[in-house]
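The values are calculated or read from the model by the stated rules, or taken from the named source; none is laboratory data. The model shown is predicted, which means the values in this text are computed figures rather than measured ones. Please note: Cβ atoms are built from the backbone with ideal geometry, for glycine as well, and neighbour counts cover all protein chains shown.
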Amino acid sequence: MVREVSLDNGLTFTLDDYEGPRSERLVVLLHGFPQSRRMWRSVAPLVAGAGFRVIAIDQRGYSAGAQPKAIKDYGLRELASDIQHIIRKLGYQTAHVVGHDWGGSVGWQLAGRSPEVVNTLTVLSMPHPLALKRSLSSWGQIQKSLYIIPLLCRPLMSRLVRANNGRFAQAWLQAMAMSPENAKEAVELLGRPGVLRSALRWYQALPINAANSSDVGVVQLPVSYIWGVQDAAVSEEAAVLTQQFATDCKFIRAQATHWIVDEDPVLVATEILNRIGA
């Protein structure tokens with residue numbers, strides 16, 4: 001069921017709500033760039049079917065009613081606060097949090113600053129922020145992070161998304177191993193009013209996040225970290241180092257690219273349920 005949740009900060013979020021047979025336990029699914037809540041459509045029913053209420057959220061910038069214009073409004077503190085308040089708005093005190101890519105960053109932030117809200121954390125692709133920071137001293141991760149450069153230039157990305165009916169942008173995403181179908185869906189998403197500008201704000205807020213890098217230290221709650229061995233954006237070094245920044249971390253190497261959720265939803269759902277202890 002599609003529903004909207006309005007917060008006291010004036011923002012309204014769109015989410016898919018899957019209610020399982022025992023809905024007293026909540027699982028929150030967080031997307032990354034350049035995807036939406038719909039990326040979880042093959043995973044969410046599997047998790048809900050195991051007895052959980054599952055919500056997949058269009059995060060800040062992706063929900064039509066949650067597109068503030070200032071870069072400062074897209075720092076991880078604000079993004080994590082959205083999720084915490086959505087959890088409370090739905091009548092829960094805690095949730096099992098799952099995030100891919102930027103959604104993983106939000107998950108790490110939430111677990112680091114507000115651990116009382118998070119029962120367990122499952123992160124796909126995105127390493128712990130301190131592991132990523134340390135790995136950026138090596139050429140391997142630097143090389144894999146170069147894709148960020150065009151994302152910091154909104155005029156360039158606007159042209160890329162609109163040129164040739166979006167085919168250039170689709171080709172760029174396919175070069176990052178995204179499937180043609182999902183690349184087409186992603187470019188259509190970025191073409192919606194306000195989405196591209198807002199999505200790029202997440203990247204433009206990187207200096208704000210760097211200034212607050214002490215927010216997330218060693219995570220003390222149960223964590224599963226899933227990394228695709230063919231990930232074009234995250235090095236093996238960053239992935240392996242992540243284990244040092246969570247006291248209870250299960251590290252899963254998936255035979256996948258960066259787009260693990262799209263490529264192996266059964267594995268993802270299974271590992272979510274394993275971590276939750278269903």
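Quick notes on this one:
- For the range 227-249, a residue qualifies if it is touching a helix residue (DSSP H, G or I) at 6+ places or on another chain (Cβ under 6 Å) and in contact (Cβ under 8 Å) with a residue 40 or more places away in the chain, and the qualifying residues are Trp227, Gly228, Ala233, Ser235, Glu237, Ala238, Leu241, Thr242, Phe245.
- Looking only at residues in the range 96-142 that are free of Cβ contacts under 8 Å to residues at least 24 places away in the same chain and assigned to a helix (DSSP H, G or I), the one that is farthest from Glu24 (Cα to Cα) is Trp139.
- The set of residues in the range 169-184 being closer than 17 Å to Asp231 by Cα and of a type in the set (S, T, N, Q) consists of Gln174, Ser179, Asn182.
- Matching entry among Gly51, Gly10 (being surrounded by fewer than 22 Cβ atoms within 10 Å (Cβ to Cβ), of a type in the set (Gly, Ala, Ser), free of Cβ contacts under 8 Å to residues at least 24 places away in the same chain and not in a helix (DSSP H, G or I)): Gly10
- All positions within the range 216-231 that are crowded, with 16+ Cβ neighbours inside 10 Å and over 16 Å from Arg134 (Cα atoms): Val219, Leu221, Pro222, Val223, Ser224, Tyr225, Ile226, Trp227, Gly228, Asp231
- Within the range 252-274, tally of residues that are crowded, with 22+ Cβ neighbours inside 10 Å and over 15 Å from Arg41 (Cα atoms): 2
- Total residues in the range 200-258 satisfying the condition of being part of a loop (DSSP other than H, G, I, E, B) and under 22 Å from Leu273 (Cα atoms): the figure is 5.
- Inside the range 163-189, residues that are surrounded by fewer than 21 Cβ atoms within 10 Å (Cβ to Cβ) and free of Cβ contacts under 8 Å to residues at least 24 places away in the same chain make up a count of 13.
- Residue in the range 196-212 that is of a type in the set (Phe, Trp, Tyr) and touching a residue at least 12 places away in the same chain (Cβ under 8 Å) present: yes
- Restricting Trp40, Trp102, Trp108 to those that are crowded, with 19+ Cβ neighbours inside 10 Å, within 12 Å of Trp202 (Cα to Cα), modelled with pLDDT of 95 or more and not small (Gly, Ala, Ser) reduces the list to Trp102.
- Of all the residues in the range 68-92, those that are assigned to a loop (DSSP other than H, G, I, E, B) and under 17 Å from the mean Cα position of the chain (by Cα) number 1.
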